[in-house]
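What follows is a single structure, written as structure tokens, with notes after it.
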Amino acid sequence: MDLLDPSRIERYRQELRDEETPEPEPLEAQELHDVWQQGNRRRPVPPKLSDRHKADLVDLKRRWIIFAAKMGRRDWKGLIKTLSYENKGLGESFMRYLMRQAELQGKPIRSENAIRMHTRKLGGLYRKYNAHPPGRSLMDHLRNVIRSEITRKWALRREPKIKPIMGPDFFMYHLYFLWVRDTSAFHIGLDRIDDACLRMFYMWTGCRKHELIYAKPTDLTAKVKEYDEESDAYTDVECSTDKYIKPRVKRCWVCDRVDERDNDPRLKVLCWEDIDLWVLRDPEGNGGRDRLAMQVLLRYHKGENNKIVPTWYIFIEEALPALCPITHILAKALAEGVIANEGYQTKAEPFFTTKLNKRALKVRWKKEWLHKPVFRKTELGKSVEKKSEMEIRPATPRDALFGEAVKEKEVRREVLNFGDGSNLWEKSNDALTAAIFDGHSERLRIAMGLLEKLVQYCQRRGYAECVDTNYRRSVRDQGMRHKTNSTVYQEYYNNARMNAVVQDAFLGRGTRSPYLAIFNHTGLRLDENAPKRVPDEMMRMIGPSAAVRRLEQEMEALQAALQQKHGCPSWAPDNEKRQYESIKAQLSTARQKQRRKVFRKTYKDYFAESDDKELQNQLQGIHEPVVEREVTHNLPERRVLAGIMGDMDEDLPEEDIVRRKIEAINAMVAYAFVCEPLQRAQPEPRAKPLPAPPPKVILPILPGRPIAVKPGLAQNTPSPPAPEIPLRSPPPPYSEFDSGAGHRPTIPTRDAAITPGRRRSPYARKKPDPCIFCGKTYTRTNVLWDHLEDHLERAKGGPLACPREECKGMVLESPGRFKAHAARFHGSSFRVRIKLVTSESVKSPVGSARASARPITLVPSENQARPPGSGPMCTPTRTRIVLRIGGKKA
């Protein structure tokens with residue numbers, strides 16, 4: 001380390017210059033007198049509330065405004081100021097309004113605790129406009145009304161729900177399932193790494209959801225601004241600027257940079273500066289290798305607005321890569337280029353081959369990454385460009401009203417250009433939202449076949465139970481961020497499940513019973529064969545709900561009115577179009593809600609019926625072995641990771657454990673930015689009927705004109721079976737266009753005799769084959785082709801997996817190759833695009849001939865009139881027919 005390095009000296013000068021604060025002005029008596037007078041004139045200081053609480057008060061204020069307008073009171077602020085015990089009927093009326101309005105909106109309040117929450121928020125709203133809390137007698141009266149009348153009339157639930165707890169067994173299984181058996185697709189591989197890492201962080205720290213990812217409302221900033229800028233009992237008339245004190249720039253106490261996270265809610269999540277990755281020299285002191293360790297700082301906890309309690313959590317290496325958070329964080333840092341130490345930015349091997357001569361060293365992150373969230377959203381890459389194109393569409397009757405009758409018109413539409421598809425998805429700088437994480441959790445729950453809900457508080461309760469059992473109460477309160485010697489854990493985390501088997505203890509069998517983990521932890525009802533979705537046929541048989549029928553009638557009436565008035569709903573004015581789109585969105589939401597209700601019923605019934613079936617099998621002596629569903633991953637990177645993460649053997653030599661960990665990190669880096677193709681659960685392919693023997697072809701023989709037999713008319717050759725392709729082999733190098741050799745099209749048959757006086761088509765139409773993806777059948781080929789194009793568009797030019805069982809999940813690189821494969825081995829037909837390209841010889845000014853391509857033009861025939869002065873017919877043109885499938889040359 002050269003202390004006299006000129007670059008180092010200059011950097012220190014710049015940093016010291018930036019850290020300099022302005023010289024304070026001398027203190028004078030006038031300044032103190034001004035503060036004295038201003039303090040006497042000012043209103044009370046507003047309470048310091050969290051942004052989420054401000055947003056809740058804004059929501060309740062909007063409801064109060066509607067409530068006052070419904071009662072004919074325009075002065076809603078004056079109305080809320082009259083709220084008191086003498087005017088307690090106003091509070092009861094507002095509670096009635098909340099219950100009735102929730103029912104009318106289709107979101108009824110079902111628990112007593114939910115309506116009591118509104119009374120507490122009403123007290124906060126009262127305090128905002130009166131500068132003091134409401135009377136205690138009023139709040140007690142409203143709570144008694146809720147408990148004695150509202151709960152009884154609306155049959156509200158009073159008992160708390162059973163709170164699931166995640167134990168170690170299910171925690172290990174659900175991470176194993178996420179890496180090995182889950183077939184759902186993320187945008188890129190880094191999303192799966194983030195999801196697994198988040199679940200480990202929640203389990204090992206017991207933190208709340210918002211401490212790692214953004215869990216606040218999408219319109220939080222607008223609501224907080226509305227709350228702060230509104231005039232209330234705390235708003236001062238005079239300007240509160242201080243002319244004596246100059247503003248200062250707050251610096252981050254972690255990295256000593258300008259603190260931009262304190263005022264930005266979207267940065268109050270886990271950032272890279274909150275993670276310290278260490279290399280420790282033989283921490284166990286047994287002459288072993290150096291170990292990696294990690295410290296994670298969590299400071300934006302619940303209540304940090306009033307009192308911040310930063311807490312450092314320690315993470316150590318695990319033998320199993322699937323349970324090691326250091327493995328995941330190191331893989332993320334290598335894949336995203338976060339590490340600043342040279343020689344340690346590409347591979348994992350250097351981190352596991354160190355022999356330190358000091359006690360510990362810290363891995364540095366790059367400065368531009370310090371204030372970036374660790375877990376971020378994935379969005380379309382920069383190579384995906386949005387542009388507008390002109391498209392030729394058929395003219396509509398409305399066009400005739402504004403001009404001459406035309407058959408076609410040009411329409412401008414927005415399209416996405418995906419480029420080469422290499423950077424289809426990339427990580428943004430915005431933090432991952434709680435809605436995305438909750439969607440992944442629900443999808444994982446259904447894929448595993450878990451009956452209970454998989455929420456983040458399962459891990460927090462499991463953490464609290466573990467710490468409470470194995471550590472002192474002070475450690476539990478510190479880890480849970482509870483006040484010292486508080487009773488929060490006893491009141492809100494110890495739920496209705498008794499954490500003891502007194503029968504064992506009473507009979508002298510001890511207190512460590514295996515039944516506690518079985519009955520008190522998540523995962524008792526688990527079945528991968530549980531239904532994943534509700535079939536459309538079932539929804540059609542059940543029929544729509546009352547809300548769906550009402551919205552459908554409103555939709556039809558509004559659509560008919562707009563068509564009669566404007567010709568089409570899209571041509572309506574903006575206000576009418578917004579009304580139409582609003583009803584359309586409500587209808588879609590109502591249908592989804594009805595489908596979710598049906599799914600919950602079928603999901604619950606499946607477990608009951610499977611139990612009954614198993615009991616009957618036991619009575620009959622049928623003991624079926626447990627057969628796991630076979631899982632095949634399309635991506636080779638995913639298959640490699642599944643093999644490494646699925647190895648749950650801990651009894652290995654240290655060299656093998658380190659080698660497996662290095663392979664896991666390098667495999668994660670290779671998998672990080674790979675786009676995952678969709679692996680949708682396809683229905684069973686319908687069995688096709690055996691082809692009937694072709695009838696004899698009898699053609700009328702005309703005199704003097706012998707007819708030769710056309711090759712292929714005498715027999716129908718069935719399609720050859722698909723070849724057996726090994727799972728780990730790459731897809732065969734098919735050409736971009738395959739004519740389907742070996743598969744002969746069905747030959748239409750001609751009637752043996754024609755009935756006199758009756759004309760009928762000489763060809764019998766063949767019904768198209770079912771869709772290769774979903775099995776739907778159509779009567780017209782062009783409609784089937786449109787349906788197949790919809791399936792192909794969902795791949796967005798990426799790889800496609802063949803849904804047929806005989807192909808065993810083989811992946812085709814592009815839609816063009818998939819079409820060729822389906823045509824050759826499965827007999828599926830797709831729309832073929834034909835482009836005619838002509839070229840003719842044109843003499844250059846110097847007499848040389850060159851070929852110029854131009855589109856085909858109609859050539860007049862010999863008997864048609866020619867323009868005066870024109871020469872003979874134009875020279876013959878050479879025409880090439882280029883077949884295109886999926887936009888590429890054949």
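Within straight cross-link reach of Lys366, meaning Cα distance under 16 Å, which aspartates and glutamates are found once same-chain residues fewer than 8 apart are removed?
List returned: Asp256, Glu273, Asp274, Asp276, Glu336, Glu342.
Per 0.36 nm of contour for each residue apart, how much would the distance between Gln503 and Thr777 grow if the chain were fully extended, relative to their Cα-Cα spacing?
Residue separation times 0.36 nm, minus the Cα-Cα distance, leaves 92.5 nm.
If the label point is 7 Å along Cα→Cβ of Arg8, which residues in segment 245-283 have backbone nitrogen under 14 Å from it?
Flagged as within label range: none.
Please go through the residue pairs Lys302/Lys483; Lys209/Lys601; Lys48/Lys250 and name each one whose alpha carbons sit more than 21 Å apart in this structure.
Lys209/Lys601
What FRET efficiency would be calculated for the residue pair Asn40, Ser231, taking the C-beta separation as r and a Förster radius of 30 Å, to the nearest 0.05?
My answer for the efficiency is 0.90.
If each of Asp605 and Lys161 carries a label point 7 Å out from its Cα toward its Cβ, how far apart are those two points in nm?
If labels sit at Asp605 and Lys161, their model points lie 2.3 nm apart.
Only counting other Cβ atoms within 10 Å, I'd like Tyr515, Tyr492 sorted with the fewest neighbours first.
Fewest to most other Cβ atoms nearby, the residues stand as Tyr515, Tyr492.
Counting Lys +1, Arg +1, Asp -1, Glu -1, what net charge surrounds Leu16 among other residues with beta carbon under 14 Å of its beta carbon?
-1
Sum up the charges of everything whose Cβ sits under 15 Å from the Cβ of Ala360, counting Lys and Arg as +1 and Asp and Glu as -1, but leave Ala360 out.
Its environment carries a net charge of +3.
Place a label point 7 angstrom from the Cα of Thr487 along the Cα-to-Cβ direction, then list the residues of segment 152-172 whose backbone nitrogen is under 12 Å away.
none
Quick check: pseudo-label points 7 Å beyond the Cα along Cα→Cβ at Asn341 and Ala547, how many nm apart are they?
Distance between label points: 5.6 nm.
Report the extension gain between Glu318 and Leu619 in nm, rounded to one decimal, defined as 0.36 nm multiplied by the number of residues separating them, less their alpha carbon distance.
Gain on stretching Glu318 to Leu619: 103.8 nm.
Between Asp769 and Val631, how high is the FRET efficiency from 1/(1 + (r/R0)^6) when r is the Cβ-Cβ distance and R₀ = 30 Å? Nearest 0.05.
0.55
Report the one residue of His566, Gln616, Met541 whose Cα lies farthest in the direction of the positive end of the charge dipole of segment 536-619 (charges on C-beta: Lys and Arg +1, Asp and Glu -1; origin at the Cα centre).
His566
Applying 1/(1 + (r/R0)^6) with R0 = 35 Å to the Cβ-Cβ distance of Ala557 and Ala114, what FRET efficiency is obtained, to the nearest 0.05?
After rounding, the FRET efficiency stands at 0.50.
Taking 25 Å as the cut-off for C-alpha to C-alpha distance, list the pairs among Lys70/Lys597; Lys70/Lys121; Lys88/Lys161; Lys70/Lys107; Lys54/Lys453 that go past it.
Exceeds cut-off: Lys70/Lys597; Lys88/Lys161; Lys54/Lys453.
Between Ala131 and Asp430, how many nm apart are label points set 7 Å from Cα along the C-beta direction?
4.1
Counting other C-beta atoms within 10 Å, which of Glu576, Glu149 has the fewest, and how do the rest follow?
Taking fewest neighbouring Cβ atoms as first place, the list is Glu149, Glu576.
Please give the length that would be gained between Lys366 and Glu31 if that part of the chain were fully extended, namely 0.36 nm times their separation in residues minus their C-alpha to C-alpha distance (nm, one decimal).
Value of the extension gain: 116.1 nm.
Using the Cα atoms of segment 109-255 to build a convex hull, what is its mean projected area in square nanometres?
16.7
Which value results for Rg/Rh of segment 536-619 when Rg is the Cα radius of gyration and Rh the Kirkwood radius based on the inverse mean 1/r?
With Rh from the inverse mean 1/r over Cα pairs, Rg/Rh is 1.30.
Quick note: the coordinates plus some simple rules give every number you see, no bench work behind them. All values reported here derive from a predicted model rather than from experimental measurement. Heads up, the Cβs are rebuilt from the backbone with ideal geometry, glycines too, and the neighbour counts pull from every protein chain shown.
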